[in-house]
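Comments concern the structure below.
The values are calculated or read from the model by the stated rules, or taken from the named source; none is laboratory data. On a predicted model such as this, the values are computed, not experimentally measured, just so you know. Cβ atoms come from the backbone with ideal geometry, glycine included; neighbour counts cover every protein chain shown. For the accessible areas, the whole protein counts, side chains as well, though only heavy atoms, and no ligand, DNA or RNA atoms are used. Shrake-Rupley method; radii C 1.70, N 1.55, O 1.52, S 1.80 Å.
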Amino acid sequence: RERGRFRDFLRAAFKNFLSNEADKARAEKRGGGRTPLSLDLESGESRYQIEPFHELTPEKLYERRWVLTLLDQVLESLRIELATAGKAEHFEQFKESLTDEATAADYERAAEALAISPLAAKQAAYRMRKRYRQLFREEVARTVADETEVDIEIGRLLASLGG
């Protein structure tokens, strides 16, 4: 009797052992049968080394985008204003001189297109730049609480374009 019980014990232990081994063989490892992904840290770090580096934080990018949008709105306001006054061609001829310094050749080309003298073209470009600055100032004034803050805000906005 003693032997029979021991034999049943061994048979049960062997059966459990085989069952556990079968479960282990069928078990999926982490990832569920998918191919393992190798973490190549050296490759990842080398990518960062060749990426361009800049000091632009999200806040600086937001400020830059803000001032560019503001300048676009002012430019569009000036275009509409001149078109309403019947001077749409003046806008087209002088819009480049709003941000860049125009040369004598630029004024001569514009004068020929507008059928005016080069001196009149230079004067028209000056007036357009002056009106552009005035519209920009008015637009900035709408975004600040106090009139005394306008110049400070303009300086800060233009500085954000620099870097």
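See the values below:
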{"read-out": "Search result, residues across segment 146-160 that are open to solvent by less than 70 Å² (accessible area, probe 1.4 Å) and either aliphatic (A, V, I, L, M) or at positive phi (or both)", "value": "150, 154, 157, 159"}
{"read-out": "The one condition in (1) in contact with a Leu (Cβ under 8 Å, 6 or more places away or on another chain); (2) modelled with pLDDT under 90 that residue 131 fails to fulfil", "value": "(2)"}
{"read-out": "Test for residue 105: is it over 26 Å from residue 154 (Cβ atoms), surrounded by 10 or more Cβ atoms within 10 Å (Cβ to Cβ) and modelled with pLDDT of 80 or more", "value": "no"}
{"read-out": "Extreme residue, nearest to residue 73 (Cα to Cα), among residues of segment 142-155 that are touching a helix residue (DSSP H, G or I) at 6+ places or on another chain (Cβ under 8 Å) and not acidic (Asp, Glu)", "value": "143"}
{"read-out": "Complete set of residues in segment 116-141 that are among the small types (Gly, Ala, Ser) and open to solvent by 90 Å² or more (accessible area, probe 1.4 Å)", "value": "none"}
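Conditions (1) within 30 Å of residue 154 (Cα to Cα); (2) assigned to a helix (DSSP H, G or I); (3) modelled with pLDDT of 90 or more, marked per residue:
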position: 6; (1), (2), (3): no, yes, no
position: 17; (1), (2), (3): no, yes, yes
position: 24; (1), (2), (3): no, yes, no
position: 63; (1), (2), (3): yes, yes, no
position: 67; (1), (2), (3): yes, yes, no
position: 79; (1), (2), (3): yes, yes, yes
position: 83; (1), (2), (3): yes, yes, yes
position: 90; (1), (2), (3): yes, yes, yes
